[in-house]
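Visitor: Sharing a structure here in structure tokens format.
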Amino acid sequence: DQEVPGYVTHVRIHKSVKIITRNAFRNCRYLVSIEMHDGVEIIEEEAFFLCNSLREVKLLGVRVIGARAFKNCTALEDVKFGYKLESIGDDAFYQCNSLRNIKLSKIRVIGDGAFCDCKQLTEVELSEDLETVGRAALAYCPRLRRITIPLKDNLLQDNSVFVECDALSQVDLVG
């Protein structure tokens, strides 16, 4: 339950760590990089909230990303999601304005507003295993051009998922 000092710039997660706890790196505005091993399974709520300088993160072993975990990480350009990821919480990547592409290979649940207001997002590839996409999950992504999504009944929580995604011109249905 300890928070990392806000002036930290680089972090290496020890092999013994399986969970990045709630608020652990909250407001570490100078955090540029984090080296995370494949044994980290859970990123709790607001773990990296307001890490404005964080540019890249590899989440290869992560199963669960909590609500607002990376909210307002405005410099975050590249996120490598692994094959174990099952769920992304509400507003997890809200206003990650530099994020460009998302590939979610095994995701089952995407929470409300998970990728809402990601201004540079252009392509999204979602898993055939996907069961639900929350309200406004990809809303207000003005550059979103292409999405790959499974063809399933009741997948989208409501019609707000793609609100203000005016550039969306290609939808590839799979499954």
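The values are calculated or read from the model by the stated rules, or taken from the named source; none is laboratory data. Given the structure is predicted, the values throughout are model-derived calculations rather than measurements. As a convention, Cβ positions derive from the backbone with ideal geometry for all residues, glycine included, and neighbour counts pool all protein chains shown. In case anyone asks, the SASA skips ligands and DNA or RNA and just uses the protein heavy atoms, side chains included. Shrake-Rupley method; radii C 1.70, N 1.55, O 1.52, S 1.80 Å.
Visitor: From LEU130, LEU155, LEU126, which residue is more than 28 Å from LYS18 (Cα to Cα) and either surrounded by fewer than 20 Cβ atoms within 10 Å (Cβ to Cβ) or modelled with pLDDT of 95 or more (or both)?
Guide: From the options LEU130, LEU155, LEU126, the qualifying one is LEU155.
Visitor: Tally the residues that are of a type in the set (S, T, N, Q) and in contact (Cβ under 8 Å) with a residue 24 or more places away in the chain, restricting the search to segment 121-146. Working first, answer last.
Guide: Our first condition is that a residue be of a type in the set (S, T, N, Q); within segment 121-146, this holds for 122, 127, 132.
Okay, now just the ones that are also in contact (Cβ under 8 Å) with a residue 24 or more places away in the chain, so 122, 132.
Result for segment 121-146: 2.
Visitor: Let me ask you something else. Which numbered condition trips up CYS116, out of (1) surrounded by fewer than 17 Cβ atoms within 10 Å (Cβ to Cβ); (2) within 24 Å of ASN23 (Cα to Cα)?
Guide: Going through (1) surrounded by fewer than 17 Cβ atoms within 10 Å (Cβ to Cβ); (2) within 24 Å of ASN23 (Cα to Cα) one by one, CYS116 breaks only (1).
Visitor: Looking at segment 21-32, is at least one residue open to solvent by less than 30 Å² (accessible area, probe 1.4 Å), in a loop (DSSP other than H, G, I, E, B) and on the phi > 0 side of the Ramachandran plot?
Guide: Going residue by residue through segment 21-32, those that are open to solvent by less than 30 Å² (accessible area, probe 1.4 Å) are 24-25, 28, 31.
Narrowing further to those that are in a loop (DSSP other than H, G, I, E, B): 24-25, 28, 31.
So of that shortlist, the ones also on the phi > 0 side of the Ramachandran plot come out as none.
Looking through segment 21-32, none of the residues is open to solvent by less than 30 Å² (accessible area, probe 1.4 Å), in a loop (DSSP other than H, G, I, E, B) and on the phi > 0 side of the Ramachandran plot.
Visitor: Residue by residue through segment 33-60, note down the ones that are assigned to a loop (DSSP other than H, G, I, E, B) and more than 14 Å from the chain's Cα centre (by Cα). Spell out how you get there, then give the answer.
Guide: To start, the set of residues in segment 33-60 that are assigned to a loop (DSSP other than H, G, I, E, B) comprises 36-41, 44-55, 60.
Hits for segment 33-60 are MET36, HIS37, ASP38, GLY39, VAL40, GLU41, ASN52, SER53.
Rundown of residues vs (1) surrounded by 17 or more Cβ atoms within 10 Å (Cβ to Cβ); (2) modelled with pLDDT under 95, yes/no style:
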position	(1), (2)
ARG63	no, no
GLY66	yes, no
LEU76	yes, no
GLU86	no, no
GLY89	yes, no
SER105	no, yes
LEU121	yes, no
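Visitor: Scan (1) in contact with a Phe, Trp or Tyr (Cβ under 8 Å, 6 or more places away or on another chain); (2) crowded, with 16+ Cβ neighbours inside 10 Å for the single condition VAL163 breaks and write down its number.
Guide: The single condition VAL163 does not satisfy is (2).
Visitor: Continuing with the same structure: Quick check: is even one residue across segment 1-14 within 23 Å of CYS141 (Cβ to Cβ) and touching a residue at least 12 places away in the same chain (Cβ under 8 Å)?
Guide: Initially, segment 1-14 is screened for residues within 23 Å of CYS141 (Cβ to Cβ), giving none.
Looking through segment 1-14, none of the residues is within 23 Å of CYS141 (Cβ to Cβ) and touching a residue at least 12 places away in the same chain (Cβ under 8 Å).
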